[in-house]
Amino acid sequence: MPGRTKTRDDAPEEVDTSMDDAPTSAQQPAEEENGDAMQEDEEEGEEDPFEEEEEPQRVRILPGSSETAASFEFLKEGHTLGNALRYIIMKNPDVEFCAYAIPHPSEDKMNLRIQTYDTTTAAAALAKGLQDLEDLCDVVADEFWTQREKFEATPEQVRKRQEEAERRQAAQAS
Amino acid sequence: MMEYDNMMDSDFKEDFGPKIQVSAADRYHVDFELSNVDISLANSLRRVMHAEVPTIAIDLVEIEVNTSVLADEFISHRLGLIPLNSSEIDNLSYSRDCDCEQNCERCSVTLTLHAKCTGDEVMKVYARDLVVGFNRPNSEIGNPVITDPDGLGSLICKLRKGQELKLSCIAKKGIAKEHAKWSPTSAIGFEYDPHNKLHHLDLWYEQDAEAEWPKSKYADVEEPPAEGQPFDYDAVPSRFYFEVEGIGNIQSDAIILEGVKELQRKLAGLIHGLGESEGMNGEYDGPRSPDGMDTGAGYLEQGYSTPYGNPGAASAWGGGATAYGTTPYGNSGSNGWS
Ligand SMILES: [Zn+2]
């Protein structure tokens, strides 16, 4: 924003873009009756008494989805989950296409598109992907722990530990 | 698909599935090679270790007396950055999830500091001078990490004769995604393809990149490309060299295990969420041909791209005429899918 160059009185208000002209968030608030989110924000204090305070849903299907081709919107997820999930879902032979995107860096949202063959549904492919990735993580953790122990048991490490213990003993004695 | 079938087998064959080889490890470091996995998984592991492994750090500071030369905020910031022992962090809940009003022994650890310089010498106040409160899940959590041989810990501030510092701190559980003070690592080395066979790097050179660039320490682990070997378009990276460097609040191997656990916690949360809301309130508005995806504009009209990706709209920001229209966001041709 440039600094103010005119005095407060001079500044014509029309110069500012009206809030009405600003594009609303492309992410439509779920179940919103009048779709204008910006407008809603301005009317402070006016709360719908029937609106329930609910835990925001982490995943939802975006409009325009079918059984076998769906876009999912994840809240509070990013590349960490998106890319790994995309990979594991693509590994599923029933899946024709899978991709993820973070539509805008300042919105904490991640979108995942899944298109499957007729043998399964997009939602099922997602559920399977999540489960598969969790299983894969189990294997990685187990493998790491096994290898870490194995490393600790190598003669070199055993000798190092022994030396360390001796050094500590010597330090205590003195 | 071979790999998939085998990978999903409950018992993993020797040659399939992720493999790890540890090459160096101590309290603060683990160097290992993760192989037979996709880069996406390796990178997710790196990311999650970096930003989402929970630790404990000072989050609130109440200053009673500060006559030192440093401002209250300055000292508070320094206190936040002191690594605190985060063993068995699972037993501590996040303050925001806790039932208490502000903070309690189930979601925080209290540390107090009182120092006054009475001598003529300049007094140095160290992390070891922090007194950790009694009520905590175990006798280690919240202890300042002290690694120097003299057992002093981080220097907090210096006091001259007559100056005093009296404060109490509340340490909370958090993750580095919120603030780097909660990071369990100081750095994570992540490397693959030491010979740049995949051309993921474009090396700058004067005469010869091969001669001018130093070799990676992993260069002799992998076969260098043969003379005149054509570029392999199908090659993908499969060996990843990690160098995890901890700062002492969590043991180095625990960083990796906690990282994997955190990733699984994410997944478990989503699996749970999906199971709860069968159908996910998504309105299938009729079957839709997957081919409909090809027309980027039609897809954008559905209203689930960025506010900038509004190719046809006559709004103040829309259209190609404004500067905004030429940003990567405003390009109706690319929809950002990766
Ligand atoms: Zn509490």
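State, to one decimal in nm², a quarter of the convex hull surface area for the C-alpha atoms of the range B:55-182, i.e. the direction-averaged projected area.
Details: hull surface 32.3 nm².
Spelled out: convex hull of the Cα atoms, projected over all directions, averaged, 8.1 nm².
In a DSSP loop and with at most 16 other Cβ atoms within 10 Å, the trypsin sites (Lys or Arg not before Pro) in the range B:55-111 are B:Arg106.
Taking all protein chains in place and a 1.4 Å probe, what share, in percent, of the accessible surface of the range A:59-138 do carbon and sulfur account for?
Ligands and nucleic acids excluded, carbon and sulfur give 51 percent.
A 1.4 Å probe over all protein chains sorts A:Lys91, A:Lys76 by accessible area into A:Lys76, A:Lys91, starting with the largest. Out of all Cα-Cα pairs in the range A:59-138, roughly what percent, to the nearest whole number, are more than 20 Å apart? When every Cα pair of the range A:59-138 is considered, 25 percent fall beyond 20 Å.
For the set B:Lys116/B:Lys172; A:Lys128/B:Lys261; A:Lys76/B:Lys261; A:Lys109/B:Lys19, the pairs lying more than 21 angstrom apart at their alpha carbons are B:Lys116/B:Lys172; A:Lys109/B:Lys19. Could you let me know the centre-to-centre spacing of the range B:57-83 and the range A:154-174, using Cα atoms, in angstrom? Here the two parts' Cα centres lie 39 Å apart. Compactness ratio for the range B:126-193: Cα radius of gyration over 2.2 N^0.38 Å (N = residue count) comes to 1.47.
Karplus-derived 3J(HN,Hα) values for the range B:121-136, using 6.51 cos²θ - 1.76 cosθ + 1.60 with θ = phi - 60°, are 6, 5, 9, 9, 9, 10, 4, 5, 7, 6, 9, 8, x, 7, 6, 8 Hz; glycine and proline are entered as x.
Taking θ as phi - 60° and the Karplus parameters 6.51, -1.76 and 1.60, the scalar couplings of the range A:124-138 work out to 5, 5, 5, 4, 5, x, 4, 5, 4, 5, 5, 5, 4, 4, 4 Hz in sequence order, x denoting glycine and proline. Between chain B and chain A, roughly 6200 Å² of accessible surface gets buried, counting both sides and using a 1.4 Å probe. Computed from point charges on the beta carbon alone (+1 for Lys and Arg, -1 for Asp and Glu), the dipole magnitude for the range B:55-182 about its Cα centre is near 280 Debye.
The string of couplings for the range B:181-194 from the Karplus curve (6.51, -1.76, 1.60, θ = phi - 60°) is 5, 8, 6, x, 10, 8, 6, 10, x, 9, 9, 8, 6, x Hz, one whole number per residue in order, with x for Gly and Pro. Only protein heavy atoms count here; on that basis, with a 1.4 Å probe, A:Trp145 has an accessible area of about 100 Å². Once you list every other residue whose beta carbon is under 11 Å from the beta carbon of B:Gly162, what net charge do they have if Lys and Arg are +1 and Asp and Glu are -1? It works out to a net charge of +1. In the context of the full protein assembly, A:Lys160 retains an accessible surface of approximately 110 Å², using a probe radius of 1.4 Å and ignoring ligands and nucleic acids.
The values are calculated or read from the model by the stated rules, or taken from the named source; none is laboratory data. Small disclaimer: the values here were computed from a predicted structure and weren't measured. Cβ sites come from the backbone with ideal geometry, for glycine too, and all protein chains shown count toward neighbours. Note: accessible area is taken over every heavy atom of the protein model, side chains too, but ligands, DNA and RNA are not part of it. Shrake-Rupley method; radii C 1.70, N 1.55, O 1.52, S 1.80 Å.
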